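Comments concern the structure below.
Quick note: the coordinates plus some simple rules give every number you see, no bench work behind them. All figures in this text were calculated on a predicted structure; none of them were measured in a lab. Because the Cβ atoms are built from the backbone with ideal geometry, glycine has one as well, and the counts that use them run over all protein chains shown.
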Amino acid sequence: MDLLKKLMLSTHGNALLVSLVAFVVYLRTLAPTVSFIDSGELAAVACTLGIAHPTGYPLFTLLGWFFSKLPVAAEEIVRLNLMSAFLCATGVFVFYHLIHSVLTGVFSRSSAIKFRKKENLPVAVSLSSTGASLLLAFSETYWSQAVAIEVYSLHVFFLSVVIFSFLKAVYNNEWNVAGEERSSAHWWYIFAFTLGLAFTNHMTTILLAPGLLYLYFSTQGFDATSWRRISRMAIPFLAGLSVYLYLPVRAAQSPILNWGNPATLEKFLWHWTGKQYRVWIFSSTEAAGRQLKYFADALPVEFAYIGLILACIGIVFLFKGSRRIAISVLLLFFGCLFYSINYDIHDIDSYFLLAYVCVALLAGAGILGFYSVLHERVNSAILNTLVVVLCLMPVFFHYERIDESENYLVEDYTKNMFASMEPNALVLSYQWDYWVSASYYYQFVKHQRPDIAVVDKELLRRSWYFKQLEQSYPWLIEESRVEVDAFLKELYKFEHDLPYDARVIEARFVGMIRSFVAKSIASRPVYVTTEIEPEFTTGMQRVPEGLALRVYSDTLRHEMRDVEFIYRSFDRRGRLEDALKNLYATALNARGMHWMQSAQVDSAANAFRRALEFNPNSTTALNFFRQVESFRRP
């Protein structure tokens, strides 16, 4: 108890306690295995020191490699999920210091918030910092980054570090309560270096620019001295940014996973700037309106409503205390919002993280204002308890939604997909979010089913992918060399912004994939997954086998190999969870229809019944099940 009291009486101690609480909850809700979307790819890249999808994330990869070697869990993926929990909890620790510095610095010399007894201010600031940190730690999107491997866990850590070091550099003397003169020079260099490091993890670090540039020039002046300071900061900034040299150096060594192959200056710049994603940025006002509505609907829920209410109160007090900081925070918030709503992707939540950090910061000011009004009217113990309970509301509000501790959906689906295929098979798919990404981890790290050649149909639209395929499956490229070269010739025009004919590119693309399928069938089993369009197997037949469809070049009747699924249920609803369950339903429907063609009514009925267990709304399963039942009636 004495140790707990000592911790609670110090800023570092309070920050440590809050971050430990967050870490314990993160551990309780941690994913035990691979998750959706990029989880498998990022894990495989970290474990093999490869190159991840744009913008490469070199610092995250290097940290991931280090964590994957720690003897703290039985499997690499769990260690990497633990890394995300650790980084997010550490981010909470830094955020506590950030909000504590802002509240102390702004309101110790301001009349915006008044305390009759000055000694009450430090207590109120500590409580407000604790509350704001808890609100951020258990906000839906922040918490979701802590339970499975994702680059945004490191991103949220850097958001707090960069803003904190910047504010320390700007206000080191002004916010020094002791009144001592302190040099800010080292803080400028720390800020510049961490800013460079932050860019090596995620390029949306650029969204810090509007708020920080405004605050810099409004406090330091727009003169030669300010510009000289910026020029001096260039060296530590570039030192941090130099981690990006990992990409060309490692790419030249041809790692197993070499997305973008950024070994040349051209390919490096394409990868570093995320060229392939530009088509989705500022694509239309309709998309921006849709994303804005999504954000507006999600924001109150993000902080269990209480956080947004406190933030609205806080912006009033912060404007009274420091107009410059209030404007800077709003610039950070709206700059993030403006960019993010103009990025037309499904999984946009993580791009709003900077805006959510701003809301939590404003909520801290709101808690302090709330405390100042009530501290003389309400017993301090009751008031302190009330604040903490209110700020812990997101834990109970989001727990069921965030908890991944029983989620084995992706692992089971990936292993079921592996089980669906005969040895040495070729499979064509673009189910990246559900198993293709995860297959990288299981094949290249856990060495499960390395005999299967997994080819992502949509990645075939990128020239770099052919080098990776040629390295992993040389026979695939060599057998279709003519068709591959013909496609790459047209693809070169598209990638280099030269005049091209989209119809020619698409025709060459289809012809190349048809060649992959036709020439591989002679020597190995060939499969496609259910979403692969019929044009790629025209003139061939598809026979359901497990979760995939085996392709045959003849018209003979082929028996369907029955594959039993290993499936651990996970009842939570969600876009990805529902879609994965529907993939099971689709595969089972295909089985049922195949059995109907063979007049195996009982087997067909069982398949459609199981499909409805995965997707009760499957119209295909419902219609065919009724049809089967009508056949069985006397």
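Key figures for this structure:
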{"quantity": "Exposed-loop-free span, longest in the chain, where GluC sites (Glu not before Pro) count as exposed if DSSP calls them loop and at most 12 other C-beta atoms lie within 10 Å", "calculated": "182-375"}
{"quantity": "Theoretical FRET efficiency, 1/(1+(r/R0)^6), r = Cβ-Cβ of I309 and S108, R0 22 Å, to 0.05", "calculated": "0.30"}
{"quantity": "Tail beyond 18 Å, pair distance distribution of the range 527-634 (Cα, percent)", "calculated": "52 percent"}
{"quantity": "Calculated Rg and Dmax of the range 563-609 using C-alpha coordinates, Å", "calculated": "12.5, 37"}
{"quantity": "Computed [θ] at 222 nm, deg cm²/dmol, the chain (DSSP H ≥ 4; -39,500 (n - 2.57); rounded to nearest 500)", "calculated": "-20500 deg cm²/dmol"}
{"quantity": "Rel. contact order, % - alpha carbon contacts under 8 angstrom, at least six apart, the range 2-402", "calculated": "22 percent"}
{"quantity": "Binned Cα-Cα distance frequencies in the range 92-247 - 5 Å width, integer %", "calculated": "1, 8, 14, 19, 18, 16, 11, 7, 3, 1, 0, 0"}
{"quantity": "Protection proxy ranking, peptides 305-312, 366-373, 246-253, average beta carbon neighbours within 10 Å, highest first", "calculated": "366-373, 305-312, 246-253"}
{"quantity": "Per-selection Kirkwood Rh - the range 573-634 (Cα, Å, 1 d.p.)", "calculated": "11.5 Å"}
{"quantity": "FRET efficiency, V378 to V24 (Cβ-Cβ, R0 45 Å, nearest 0.05)", "calculated": "0.95"}
{"quantity": "Label point 7 Å beyond Cα of R461 along Cβ direction - residues of the range 511-532 with amide nitrogen under 17 Å", "calculated": "511-514, 531-532"}
{"quantity": "Ellipsoid semi-axes in whole angstrom, largest first, where each is sqrt(5λ) of the Cα gyration tensor of the range 64-152", "calculated": "37, 11, 9"}
{"quantity": "Average Cα contact separation per residue, the range 410-559, under 8 Å, 6 or more apart, as relative contact order %", "calculated": "27 percent"}
{"quantity": "Rounded FRET efficiency, nearest 0.05, which uses the C-beta distance separating A522 from V389 and R0 of 51 Å", "calculated": "0.15"}
{"quantity": "Net charge of Cβ neighbours under 10 Å - reference A251; Lys, Arg +1; Asp, Glu -1", "calculated": "+3"}
{"quantity": "The range 410-559 - Rg over Rh from alpha carbon coordinates, Kirkwood radius", "calculated": "0.97"}
{"quantity": "Volume of the Cα convex hull of the range 224-305, divided per residue and given in Å³", "calculated": "226 Å³"}
{"quantity": "³J(HN,Hα) computed for each position of the range 512-521 - Karplus, 6.51 cos²θ - 1.76 cosθ + 1.60, integer Hz, glycine/proline x", "calculated": "5, 5, 4, 5, 3, 5, 5, 7, 7, 4"}
{"quantity": "Rounded Å value of the spacing that divides the Cα centres of the range 245-302 and the range 37-60", "calculated": "13 Å"}
{"quantity": "Charge tally in the Cβ shell below 14 Å around T48, where Lys, Arg are +1 and Asp, Glu are -1, T48 excluded", "calculated": "+1"}
{"quantity": "Estimated inter-spin distance, K117 and M593, nm [label 7 Å along Cα→Cβ]", "calculated": "7.7 nm"}
{"quantity": "3J(HN,Hα) from dihedral phi, the range 353-360, Karplus parametrisation 6.51/-1.76/1.60, rounded to Hz, x for glycine, proline", "calculated": "4, 4, 4, 5, 4, 5, 4, 5"}
{"quantity": "Percentage, to the nearest whole number, of Cα pairs in the range 22-75 over 13 Å apart", "calculated": "64 percent"}
{"quantity": "Histogram of C-alpha separations across the range 2-402, 10 Å bin width, %", "calculated": "5, 22, 32, 26, 12, 3, 0"}
{"quantity": "Fully extended contour minus Cα-Cα distance, from E406 to E531, at 0.36 nm per residue", "calculated": "42.2 nm"}
{"quantity": "Segment A507-V316, extension gain: residue separation times 0.36 nm, minus the distance between their alpha carbons", "calculated": "62.8 nm"}
{"quantity": "Sequence-distant residues sharing a close amide H with A453 (under 5 Å, placed H)", "calculated": "A425, L426, V427"}
{"quantity": "Which listed pairs, of K114/K168; K275/K581; K415/K493; K168/K320; K275/K519, have C-alpha distances above 29 Å, in listed order", "calculated": "K275/K581; K415/K493; K275/K519"}
{"quantity": "Set of aspartates and glutamates near K267 by C-alpha distance (under 17 Å), chain-local residues within fewer than 8 positions excluded", "calculated": "E495, D497"}
{"quantity": "Neighbour cut-off at most 11 other Cβ (10 Å), DSSP loop, chymotrypsin sites (Phe, Trp or Tyr not before Pro), the range 140-173", "calculated": "none"}
{"quantity": "Relative contact order computed over the range 247-365 (Cα-Cα under 8 Å; 6+ residues apart), in percent", "calculated": "29 percent"}
{"quantity": "Full-extension gain in nm, W227 to T273, via 0.36 nm per residue minus C-alpha separation", "calculated": "13.9 nm"}
